[in-house]
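Okay, handing you the structure first.
No lab work stands behind these numbers, since they all come straight from the coordinates. None of these values were measured; they are calculated from a predicted model. Note that each Cβ is placed from the backbone with ideal geometry, even for glycine, and that neighbours are counted across all protein chains shown.
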């Protein structure tokens, strides 16, 4: 497969989970990939899996200074970028009435502010006709206990994405959104979701009786990154096995 042959792609939060799976998919399809992450050791481990067509840059999505340095380094090394997958994010839960400023700031700084300014700062070095893909979540339009701020951060990014798709159309730059449900990554087994009993219950309520796989999300992102989707922009693709249209199962 070579649908991304010769393209330069940046994947934020690309050292683990969906980001790492997407970086692998991009490379398999012929792209040169730059991954980012906050932990250098995790980046180094990811690069061992990705091989010679990948490089890693430590950058915290919540830090605009880090993002400036990231853009400068990518521009110095590659000049222009063809694909930007804004994937870095965090999911923390607090019930309404107990929301803390610290958790609020963390989620907004990474999921919304970080995603917006990653996009804004990369726009000048994107090729005309480039593809931007934003990672949101089904939580942007489906709601559960403890997810109010997380849902709000993803809904805000959705609104920004669709407006940006209109404003960047003169340069034929496409912006699309992928919105997965629970996906089999290490991150979902932490915090209040550490119990396997909880996951067994959630899976039992999903139409396919399972979570998504990172590779399933990655293939969708790679499709949106390719020239095969040259007339798709402002779209929101839900990757949840039909869960969000089967609410009565819950």
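Taking the beta-carbon count within 10 Å as an exposure proxy, list 50, 20 from fewest neighbours to most.
Details: 50 20, 20 24.
The most exposed by this proxy come first: 50, 20.
Taking springs between alpha-carbon atoms closer than 10 angstrom, which of 234, 51, 19 fluctuates most in the Gaussian network model of the chain?
Comparing 234, 51, 19 in the GNM, the peak value goes to 51.
If you split all Cα-Cα distances of the chain into 5 Å bins from zero, what percentages do you get per bin, shortest first?
In order of increasing distance, the bins hold 1, 6, 14, 18, 21, 17, 12, 7, 3, 1, 0 percent.
On to the next question. Given the options 174, 219, 58, which has the most mean-square fluctuation in a GNM of the chain, springs set between C-alpha atoms less than 10 angstrom apart?
Ranking 174, 219, 58 by mean-square fluctuation puts 219 first.
At 4 °C and a viscosity of 1.567 mPa s, what translational diffusion coefficient does Stokes-Einstein give for region 67-166, taking Rh as the Kirkwood radius over Cα pairs? Give it in µm²/s as a whole number.
D = 89 µm²/s.
Compute the relative contact order of the chain as a whole-number percentage, counting only Cα pairs closer than 8 Å that sit 6 or more residues apart in sequence. Can you show the working numbers first?
Numbers: 478 pairs, mean separation 48.2, N = 250.
The value is 19 percent.
Across every pair of different alpha-carbon atoms, what Kirkwood hydrodynamic radius in Å does region 128-250 reach?
Taking the inverse mean of 1/r over all distinct Cα pairs, region 128-250 comes out at 15.5 Å.
Eigenvalues of the Cα gyration tensor times 5, then square-rooted: what semi-axes does that give for region 115-156, in whole angstrom, largest first? Please list the in-between numbers first.
Details: eigenvalues 161, 21, 5 Å².
Values for region 115-156, descending: 28, 10, 5 Å.
Distance between the C-alpha centers of region 150-164 and region 1-74? Whole Å please.
Here the answer is 23 Å between Cα centres.
Sum -39500 (n - 2.57) across every DSSP H segment of at least 4 residues in the chain, then divide by the residue count to get the 222 nm mean residue ellipticity, nearest 500.
Helix-only estimate at 222 nm: -12000 deg cm²/dmol.
What order do you get for 112, 85, 104, 201 when you list them from fewest to most C-beta neighbours inside 10 Å?
Details: 112 19, 85 29, 104 16, 201 10.
So the ranking, lowest neighbour count to highest, is 201, 104, 112, 85.
Let me ask something additional. Could you grab the relative contact order for region 104-250? Cα pairs under 8 Å, six or more apart, rounded to a whole percent.
Relative CO of region 104-250 lands at 28 percent.
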